[in-house]
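Engineer: Submitted below is the structure of interest, expressed as structure tokens.
Computed from the coordinates by the stated procedures, all read-outs in this text should not be read as laboratory data. The structure displayed is predicted, hence computed values, not measured ones.
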Amino acid sequence: MIPVKIRLKEGAKLPEYQSIGAAGADLCALVDEPVLLSPGKTALVPTGLFVEIPDGYEAQIRPRSGLALKHGITFLNSPGTIDSDYRGEISIIMTNLGERDFTVEHGMRIGQIIFSKVYRGEFIVKEGLNETDRSHGGFGHTGV
């Protein structure tokens, strides 16, 4: 485990792991009134959480699989990244890809937070790169 300092707005819920082996802790909505997500619509949903992540780590914000499967609810920037130097409120860009209205209620579990070690790249400019069997083959180059 890594130590993560957290500040809660009034009414916010502390992230919670739902099982002993859970990688992600659930995040809950902190809304004054329900947020209606009609099909195709997007909303920024606050959590009331502010975190201080240790240097060398990041937090990833991911959708909950049950909301995705049952309602078509996902996040537009999934996974969202929270850098170790960010101190603002964690808010989630939720979107409805389903066919029915979905309402986000106060206290509803809407996402998960996962912590990961960060490995930063050292960029080395070269005139050419080593060739591979794949080389420039991209999107769909291996077939269906």
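Engineer: Could you work out how much longer the chain between Ser135 and Glu99 gets when fully extended? Use 0.36 nm per residue separation minus the Cα distance between them, nm to one decimal.
Structural biologist: Using 0.36 nm per residue and subtracting the Cα-Cα distance, I get 8.9 nm.
Engineer: Follow-up. Among (i) 41, 39, 33; (ii) 56, 40, 29; (iii) 124, 23, 15, find the value of Cα extents along the principal axes in Å that was calculated from the structure presented, and write down its label.
Structural biologist: Only one option fits the structure, namely (ii).
Engineer: Provide the gained length on full extension for the span Asn77 to Lys5, in nm with one decimal, where the gain is 0.36 nm per separating residue minus the Cα-Cα distance.
Structural biologist: On the way: separation 72, 0.36 × 72 = 25.92 nm, distance 2.41 nm.
Taking Asn77 through Lys5 to full extension adds about 23.5 nm, to one decimal.
Engineer: Starting from 0.36 nm per residue, how many nanometres of slack lie between Lys70 and Leu14 once their C-alpha separation is accounted for? Intermediate results must be reported in sequence, preceding the final value.
Structural biologist: Values: separation 56, 0.36 × 56 = 20.16 nm, distance 2.49 nm.
So the extension gain works out to 17.7 nm.
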